[in-house]
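The values are calculated or read from the model by the stated rules, or taken from the named source; none is laboratory data. It should be emphasised that the depicted structure is a prediction, and the values quoted were computed from it without experimental measurement. Note that we place each Cβ from the backbone using ideal geometry, even for glycine, and neighbour counts take in every protein chain shown. For the accessible areas, the whole protein counts, side chains as well, though only heavy atoms, and no ligand, DNA or RNA atoms are used. Shrake-Rupley method; radii C 1.70, N 1.55, O 1.52, S 1.80 Å.
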Amino acid sequence: SALLDKTSQATASPTGTDDASVASNARAMLDAQANAARDAGTTLVFDPNRTVGQQADFSQFDNQALAVVTLNSDGSFSPEEARGAKKVLDQRNRQSILAAFDTKTNGDVQSQSLALLSHYSSMSAAEKTAMGYTDAMQSRLIQNYRTAQSLQGGGVLGANAGGGGASTSLMSYL
């Protein structure tokens, strides 16, 4: 499958933007928010539990930008900024993973593996690092996909070629 080949290749960010440029842009976006907060007589805060201050808005940050802020490789971001970005990145990642286990997969290991591989292959290197995803995890997903495919007789993706038997969840294999 083309997806299996794609996930085997190391690629730069999906947008082709290097991390240094992303960091610079993220720094400018956070500085603009901090300046707007200061102009409003308050401070920019990164903890949703704080009731005083203007909450940082990461909605305009893509996942690569959130990962670059989280990793803070060049020291451009404060620990509070990095933690705030990590919280948002974790939430987005959680939503993507849950979508892979959506009811439409009906517990089908092959469909779940393919959905997770698609999620993994769409991530930038910074995202994978920030989320702790490794090549070993990718290899395990590919192995699960291929095993499920062979057990299901190489049938159409998502089809339960076994005919109504209980499927094992992908999580039991990980």
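Observations, loosely collected:
- The listed residue being open to solvent by 60 Å² or more (accessible area, probe 1.4 Å), modelled with pLDDT under 80, part of a helix (DSSP H, G or I) and out of contact with any Ser or Thr (no Cβ under 6 Å at 6 or more places or on another chain), out of LYS104, LYS87: LYS104
- Taking the criterion of being more than 15 Å from GLY84 (Cα to Cα) and assigned to a helix (DSSP H, G or I), the residues of segment 24-56 that qualify are SER24, ASN25, ALA28, ALA32, ASN35, ALA36, ALA37, ARG38, ASP39.
- Qualifying residues in segment 118-133 (those that are in contact with a helix residue (DSSP H, G or I) (Cβ under 8 Å, 6 or more places away or on another chain) and of a type in the set (S, T, N, Q)) - the one most open to solvent (accessible area, probe 1.4 Å): THR129
- Considering segment 140-172, and only residues there that are under 20 Å from the mean Cα position of the chain (by Cα) and open to solvent by 70 Å² or more (accessible area, probe 1.4 Å), the residue that is modelled with the highest pLDDT turns out to be ARG140.
- When residues in segment 54-71 are screened for being closer than 15 Å to MET131 by Cβ and either in contact with a helix residue (DSSP H, G or I) (Cβ under 6 Å, 6 or more places away or on another chain) or without any contact (Cβ under 8 Å) to a residue 12 or more places away in the chain (or both), 9 of them pass.
- Hits in segment 22-56 (condition: open to solvent by less than 60 Å² (accessible area, probe 1.4 Å) and of a type in the set (D, E, K, R)): ARG27, ASP47
- Selection from segment 74-106 of residues that are among the hydroxyl-bearing types (Ser, Thr, Tyr) and touching a helix residue (DSSP H, G or I) at 6+ places or on another chain (Cβ under 7 Å): SER76, SER96, THR105
- The single residue among SER59, SER111, SER96, SER13 that is assigned to a loop (DSSP other than H, G, I, E, B) and either modelled with pLDDT under 90 or buried (at least 17 other Cβ atoms within 10 Å of the Cβ) (or both) turns out to be SER13.
- Within the option set LEU44, LEU66, being at pLDDT 95 or above and closer than 20 Å to SER21 by Cα holds for one residue only, LEU66.
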